[in-house]
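Single-structure report; data block below.
The values are calculated or read from the model by the stated rules, or taken from the named source; none is laboratory data. The shown structure was predicted, so the numbers you read here are calculated from the model rather than taken from an experiment. Glycine also receives a Cβ, built like all others from the backbone with ideal geometry; neighbour counts cover every protein chain displayed. With ligands, DNA and RNA removed, areas are computed over all heavy atoms of the protein, side chains included. Shrake-Rupley method; radii C 1.70, N 1.55, O 1.52, S 1.80 Å.
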Amino acid sequence: MYRRKLMMGLAAMSLTACAGGGAGRALGPDGLPLPTVYRIDAGDEAAVQFRMLDAVNALRAKANLAPVQLDPRLNAAAATHARDMSIQNRPWLFGSDGSSPLDRARRVGFPGRLLGENISESYETELQTLAAWMGQPDTRSVLMDADARYMGIAWFQEPAGKLWWTLNMGSDPAMSRPIPSAGF
């Protein structure tokens with residue numbers, strides 16, 4: 001009898017938990033809540049950038065790498081490319097004008113060496129996007145480049161909610177000196 005009451009109680013608790021889990025959210029054909037669009041308000045720009053910076057630096061600290069800091073020029077290059085990817089409707093590293101990530105860093109006057117650029121087309125938050133980048137060897141290597149000292153992060157959000165993310169990593173300007181010639 002005790003076992004029966006226990007099983008009935010557990011079943012009732014399970015049903016109660018299910019009833020409250022999707023309250024106010026539309027359900028898909030599988031009965032699970034549909035994903036919601038992550039909206040970034042205009043006033044949230046600094047908060048999103050610093051959340052990403054803190055998360056990147058936490059990952060870098062765990063790997064015994066120097067922290068990076070936000071660079072307004074790399075932010076500008078990233079913002080230009082995020083908007084351009086939306087216009088082109090495709091996530092790729094080249095601009096509609098044929099520019100490369102290096103071209104865009106030069107255009108904004110970044111004095112260091114551009115070490116890499118990560119891009120994404122998603123409906124996900126900055127931290128979900130970072131997790132996806134960390135899950136891929138090529139994008140992870142950009143984030144964990146030992147020479148990185150500066151970061152730029154920006155996005156463009158379409159009216160329907162799609163986000164186009166761009167992250168740039170750059171070196172200290174002192175590291176970007178030309179390689180001396182061999183005397184030829």
May I ask for the net charge around residue 121, where only other residues with Cβ less than 15 Å from the Cβ of residue 121 are counted and Lys, Arg are +1 while Asp, Glu are -1?
-2
Kindly write out, for segment 95-112 in residue order, the coupling ³J(HN,Hα) from the Karplus curve 6.51 cos²θ - 1.76 cosθ + 1.60 (θ = phi - 60°), rounded to whole Hz, with x marking Gly and Pro.
x, 5, 8, x, 5, 9, x, 5, 4, 5, 5, 5, 4, 8, x, 5, x, x
Peptide ranges 116-127, 72-83 listed from the most packed, as the mean C-beta count within 10 angstrom indicates
72-83, 116-127
Report the relative contact order of segment 55-124, percent, no decimals, based on alpha-carbon pairs under 8 angstrom and at least 6 residues apart.
28 percent
More than 28 angstrom apart: percent of Cα pairs within segment 27-184:
23 percent
For segment 46-105, alpha-carbon Rg over 2.2 N^0.38 Å
1.33
From the phi of every residue in segment 163-168, what ³J(HN,Hα) in whole Hz does the Karplus formula 6.51 cos²θ - 1.76 cosθ + 1.60 yield, where θ is phi - 60° and glycine or proline is x?
10, 10, 9, 9, 10, 10
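Quick check: at a probe of 1.4 Å, how many percent of the accessible area of segment 79-184 sits on carbon and sulfur atoms?
For segment 79-184, the apolar C and S fraction of the accessible surface comes to 56 percent.
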Amide H to amide H, which residues 5 or more places from residue 116 or on other chains are under 5 Å from it, using H placed in the peptide plane?
169
